[in-house]
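Enquirer: First the structure, which I've put down as structure tokens, then a few questions once you've had a look.
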Amino acid sequence: MKFIIDKKHLIDPAIFFSGFVIILIIAQNLNFPGGKIKMGGEIWSDKAHYYAYLPAVFIYHFEAAKYPADIEEKTSSGFPPDLKNNKIYIKTTCGVSILVAPFFIMAHVTASLLNLEMDGFSMIYQRMAVVAGVFYLMLGLFFLKKVLDNYFRSWISYITLLFLLAGTNLYFYGLDDVLMSHVYSFFLMSLFLYLLKIFYNEQKRKYVHFILLSIVASMLILIRPTNIVILPIALFFDVHSAKEIGKRVCLFLKPLHLITLFVIAFLVVLPQLIYWKYAYGAFLHYTYTDEGFTNWLHPRIIEIWFSPLNGLFLYNPILIFMIAGILLMIFKRIQNGIFILGFFLFISYLFSSWGVWYFGGAHGYRPFVDFYPLLVLPFGYFIRDSLRIRNLLLKSLIFLLIIFFSFFNVKLIYNFQCFTGSTWGWDDFLKTLDRAGLYNLERNKFTYLNDFENITLNDGIPKTCSESHSYSRSSYMVEDMVYNWYYIRRIDDVIRHKAIKTASLSLWIRPKDCDKTGSCAVFKISDDQDKTLYIKFIQMDDFPALKNHWTKVTGIFVVPDSINPTNYFSFFLWNKGQKSFYIDDMKIIFDSRADKNN
């Protein structure tokens, strides 16, 4: 019997395998510079939560007493063990751990064979976690290529995927933060669309395809429950008419399909139900406690799109062309255009309604990574039609912008992790670009803002959601607190290589129990030994305040000419009167010119 192999069918696997090897080398160097684990490592903070089920199952059997004594330090309290009850409490669901499990087992076996440390957190486990992330990244791109080939020529699909990877934060979550859930959702979403295309093809449709669809959909929801928004995709993706929507509903409502879906969904989530029962005593438990969708009536849509605090288009400017592609699809009446626009607006509203709307420490607005397999389609149409433009100058300009935006993204990733400024802290963002070599910050003024929204900034400043002047958070003082809000910078580092002449302050306070706070805003200049060289107090009670009402406090600090620019400028609040009050929306404008009005 003679087998004939079509070489064309080998091209895609060969290309993606080569890409896997190359990207894996890049990712290993990115995460282990000089062969050492970079600060924090991969199994760290939120990433440690997603991973935590694996060592718990295979090594420690969910017994807190068996964990290394320094596990909290190793994982940044990713999942602090409860020694009293001998339990491990994990905030996230177990979907990522299920997908990473084969790689964990390989790491564990390798550690045993090579006599390496078998604690689940050492170098071999860290490196294998990166292998897992890159594997699912490339597998997701592979299935997404198969989807895009239904709409474009193969080489256009490749160009689209190349710029999706290079130009968006998919690069960051596929190569750097690989234990976050996003690259796994990206893989499953790509596979979901691929299977959906097959399932709706009557000539190819088989019962096994529905089984696979059910598994993939259930895993998507297990990894991130908000991924339940994929369900409308099953009804509206590639739909031609309202009649076809009705047929799809009937197809999914077939008794065999319904029973299959419920049984598979139950089996997929069963490990999570068992864990919740073990940890919390109930099969269903909400582990995010005080977090949730608290901004339904005040969604932060503009912020999640354009804020320096992880704004989608600010960190991934190439996605502007995705929007252009959506408009192009609608204008040309191309299938899926209106649906993708509606889906994009819906998930924008959904994510911007989350209490921590910027989703903590991130590179760009990370929840959208999960849905890039759908959102990349209009980007593909934009690239296809741009290649058809006859005006060579215009065509060249478009692709130069695409290349520059990709360079911008990668450059920022390699020089920056997460933004620690305020919602609209533009000067802090420009400093970020300056450090990355993307912007030459030559200015006379610098505005420092703190609206206390950004909880990823580990500055020791207490934050609360009980009162706020803007958005949802503020800081506060209570009777036993002496100081708050210690901001310190070298004078000539605030505005690069320039000495500060004046600093203008404004902030809002809200007394809790009385009209007077007896507190001061303090400007101080000190040397590198913290010896005070100059100090000025702004009495908050000079600004008449009312209990439970917000009052604005302002002041100007003039830096003496005798001060050396290499000295340090600091600002803090002194609770001299031992009162309780809220603080919000602080702004300090530093000016290197003698006349602040210039």
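Enquirer: Of the trypsin sites (Lys or Arg not before Pro) in the range 272-367, which ones lie in a loop per DSSP and count no more than 12 other C-beta atoms within 10 Å?
Expert: Details: sites: LYS277, ARG300, LYS332, ARG333; in loops: ARG300, LYS332, ARG333.
Here the trypsin sites (Lys or Arg not before Pro) that fit, given the DSSP loop and packing criteria, are LYS332, ARG333.
Enquirer: Subtract the Cα-Cα distance of LEU394 and LEU10 from 0.36 nm times their separation in residues, and report this length gain in nm to one decimal.
Expert: Contour length minus the Cα-Cα distance gives 134.6 nm.
Enquirer: Then there's this: What is the sum of charges, Lys and Arg at +1 and Asp and Glu at -1, for the other residues whose Cβ falls under 10 Å from the Cβ of VAL522?
Expert: +3
Enquirer: Please work out the Kirkwood hydrodynamic radius for the range 227-313, using every pair of different C-alpha atoms, and report it in angstroms with one decimal place. Working shown, then result.
Expert: Details: mean 1/r = 0.0581 Å⁻¹.
Mean inverse Cα-Cα distance, inverted, gives 17.2 Å.
Enquirer: Given +1 on the Cβ of Lys and Arg, -1 on the Cβ of Asp and Glu, and no further charges, what dipole in debye does the chain carry about its Cα centre, rounded to the nearest 20?
Expert: Using only the charged Cβ atoms, the result is roughly 2120 debye.
Enquirer: Restricting attention to the range 376-425, which trypsin sites (Lys or Arg not before Pro) occupy a DSSP loop and are surrounded by at most 15 other Cβ atoms within 10 Å?
Expert: Answer by residue number: ARG388, ARG390.
Enquirer: Another question, then. Taking every alpha carbon pair in the range 518-563, what does the distance histogram look like in 5 angstrom bins from 0, in percent?
Expert: All Cα pairs considered, the percentages come to 5, 18, 23, 18, 13, 11, 7, 5, 1.
Enquirer: Using a Förster distance of 56 angstrom, determine the FRET efficiency expected from the C-beta separation of ASP541 and PHE331, and round it to 0.05.
Expert: 0.40
Enquirer: Between LEU273 and LYS91, what's the calculated FRET efficiency when r is the beta-carbon distance and R0 is 25 Å? Round to 0.05. Each step should come with its number before you reach the end.
Expert: Values: r = 16 Å, r/R0 = 0.65.
For R0 = 25 Å, the calculated efficiency reads 0.95.
Enquirer: Report which label in (i) 184; (ii) 216; (iii) 292 holds the value of volume of the Cα convex hull per residue in Å³ derived from the coordinates of this structure.
Expert: (ii)
Enquirer: Moving to a separate point now. In terms of Cα to Cα distance under 23 Å, which lysines are near enough to LYS66, apart from those fewer than 8 places away along the same chain?
Expert: LYS47, LYS74, LYS84, LYS87, LYS91, LYS277
Enquirer: Right, another one. Cα to Cα, under 20 Å, and not fewer than 8 places away if on the same chain: which lysines meet these conditions relative to LYS332?
Expert: Qualifying lysines at Cα under 20 Å: LYS395.
Enquirer: Using DSSP to define loop residues, name the GluC sites (Glu not before Pro) in the range 437-479 whose beta-carbon has at most 14 other beta-carbon atoms within 10 Å.
Expert: For GluC sites (Glu not before Pro) across the range 437-479 that sit outside H, G, I, E and B with at most 14 neighbouring Cβ atoms in 10 Å, the list reads GLU442, GLU479.
Enquirer: What are the ³J(HN,Hα) couplings of the range 304-311, residue after residue, when phi is run through the Karplus curve with 6.51, -1.76, 1.60 and θ = phi - 60°? Round to Hz, x for glycine and proline.
Expert: 6, 8, 10, 5, x, 7, 6, x
Enquirer: Go through the range 43-49 residue by residue and turn each phi into a ³J(HN,Hα) via Karplus (6.51, -1.76, 1.60, θ = phi - 60°); whole Hz please, and just put x for glycine and proline.
Expert: Karplus-based 3J(HN,Hα) across the range 43-49 equals 8, 8, 6, 4, 5, 5, 4 Hz.
Enquirer: Using a simple spin-label model with points 7 Å from Cα along the Cα→Cβ vector, what separation in nm is obtained for PHE404 and THR447?
Expert: Rounded to a tenth, the inter-label distance reads 2.5 nm.
Enquirer: Counting chymotrypsin sites (Phe, Trp or Tyr not before Pro) as exposed when in a DSSP loop with at most 13 other beta carbons within 10 Å, what is the longest stretch of the chain free of them?
Expert: 4-282
Enquirer: Work out how much length PHE306 to ASP528 would gain on full extension: take 0.36 nm times their residue separation and subtract the Cα-Cα distance, in nm to one decimal. Display every interim value, and only then the final one.
Expert: On the way: separation 222, 0.36 × 222 = 79.92 nm, distance 3.79 nm.
Length gained, PHE306 through ASP528: 76.1 nm.
Enquirer: Still on this structure, I have one more. With no solvent and one point per C-alpha, what does the Debye sum give as log10 I(q)/I(0) for the range 362-515 at q = 0.10, 0.19 Å⁻¹?
Expert: These q points yield log10 I(q)/I(0) values of -0.59, -1.29.
Enquirer: Cα to Cα, under 19 Å, and not fewer than 8 places away if on the same chain: which lysines meet these conditions relative to LYS516?
Expert: LYS547, LYS552, LYS576, LYS579
Values in this text are rule-based calculations from the coordinates and carry no lab data. Nothing here was measured: the structure is a model prediction, and the numbers come from that model. Backbone-built Cβ (ideal geometry, glycine too); neighbour counts: all protein chains shown.
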